[in-house]
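The block underneath contains the structure these notes are about, expressed in structure tokens.
The values are calculated or read from the model by the stated rules, or taken from the named source; none is laboratory data. As the structure is a prediction and not an experimental result, all values here were calculated from the model. Note that each Cβ is placed from the backbone with ideal geometry, even for glycine, and that neighbours are counted across all protein chains shown.
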Amino acid sequence: MPEDTLHRQNIVACIWDFDKTLIPGYMQGPIFRHFNIDEKRFWREVNALPAIYRKRGQFVSPDILYLNHLLTYVRAGLLPGLNNKMLRRFGRELDFYQGLPEFFEILKSIPARDPRYARYEIKVEHYVISTGIAEMVRGSAIAPFVENVYGCEFIENPLPPHFEMQKEFEMEAEAEIGQIGQVVDNTAKTRFIFEINKGTNKIDTIDVNSRIAPEDRRVPIQNMIYVADGPSDVPVFSVVRKHGGQTYAVYEPKNEKEFAQNDELRRSGRVDHFGRADYREKSDTFMWLTSHVRQICERIAEESEQALLRRVRRPPQHIHKEDPPIGPREEQPELFGEAEKA
């Protein structure tokens, strides 16, 4: 660890996908249940849209289609009054895989329980990067353990044209989502890896595109573990592994197809390891992740100790009469000669 740096680089970052990684299936289920929407029909429509639009000569990003289709349902009156407050409330209904959210706290406690790691103030931070809806994650049971949530965002009651010329007092209106505020697709996820890396989530004056020396970055990528469910996360897997971080894929227990996909990711070098989405104590996933968090903590502690040794000089010692004089090699032939024989 360099001696003069912007950050101590003593953070271990566990970065998580959400859908099918922390929860079974997709998070939008509570929305459809509340408004009596046929969930399968909704997703069938979303999957059919790219081909329909291509026939019209219109090309769209598949990753944002479901967001636009949700807004279409809002405008059509099928999701009346859907707003961010409701989305956050729907997040409370999400059911997590076994062992969560307790496992997040177990990982955070690893450096706190070891006096050596605590001496260097090593910490574990959790982040969620999801193509799902950020407000639902913020309302879920996992939220109290998460440092930041990066996901898709909606704007409520978008401002009209020439809004800056409006002189009248704005009338109170029921909040309702009307526009997309932020899109997170599987490629854009890599941007947030570098936001965590550079510390822009902690210091907003640092832009994610700012040039920052490796030793000045808050969380080196080699201090990161990225956990996700499969092939759609290959861009992030590749970035994290390229820069020395760890990657882990999970699959739904008993799902042979997902097992095969993750096995192929491992064989092709996309992930370091994979296991069932079971975060209970003694499960393979529990043991692999806790073991690798400890390994990163150990490396940070060793680097901190080496940096301390470089900075702290030994104090001067008293010279006793019986000590042999210290001089150039040629002036002490008997001293050096004996050493060389030994």
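Points to keep in mind about this one:
- Options Pro144, Pro111: the member that is within 22 Å of the chain's Cα centre (by Cα), on the phi < 0 side of the Ramachandran plot, exposed (fewer than 13 other Cβ atoms within 10 Å of the Cβ) and in contact (Cβ under 8 Å) with a residue 12 or more places away in the chain: Pro144
- The single condition among (1) within 29 Å of Lys108 (Cβ to Cβ); (2) hydroxyl-bearing (Ser, Thr, Tyr); (3) modelled with pLDDT under 95 that Thr187 does not meet is (1).
- Selection count where residues are surrounded by 12 or more Cβ atoms within 10 Å (Cβ to Cβ), acidic (Asp, Glu) and not in a helix (DSSP H, G or I), scope the stretch 254-286: 2
- Any chance Tyr73 is of a type in the set (Ser, Thr, Tyr), part of a helix (DSSP H, G or I), at pLDDT below 95 and at negative phi: no
- For the stretch 265-287, the set of residues classified as free of Cβ contacts under 8 Å to residues at least 24 places away in the same chain and among the charged types (D, E, K, R) consists of Arg266, Arg267, Lys282, Asp284, listed by residue number.
- Selection count where residues are of a type in the set (A, V, I, L, M, F, W, C) and either touching a Lys or Arg at 6+ places or on another chain (Cβ under 8 Å) or over 24 Å from Val137 (Cα atoms) (or both), scope the stretch 31-84: 7
- Within the stretch 21-54, if we keep just the residues that are within 29 Å of the chain's Cα centre (by Cα) and not in a helix (DSSP H, G or I), the residue that is surrounded by the most Cβ atoms within 10 Å (Cβ to Cβ) turns out to be Leu22.
- Breaking point among (1) touching a residue at least 60 places away in the same chain (Cβ under 8 Å); (2) in contact with a helix residue (DSSP H, G or I) (Cβ under 7 Å, 6 or more places away or on another chain), for Asp216: (2)
For every residue, the table says whether it meets (1) aliphatic (A, V, I, L, M); (2) in contact (Cβ under 8 Å) with a residue 60 or more places away in the chain; (3) within 25 Å of Phe42 (Cβ to Cβ).
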position	(1), (2), (3)
Leu65	yes, no, yes
Leu79	yes, no, yes
Met86	yes, no, yes
Arg89	no, no, yes
Tyr97	no, yes, yes
Phe103	no, yes, no
Ile106	yes, yes, no
Ile129	yes, yes, yes
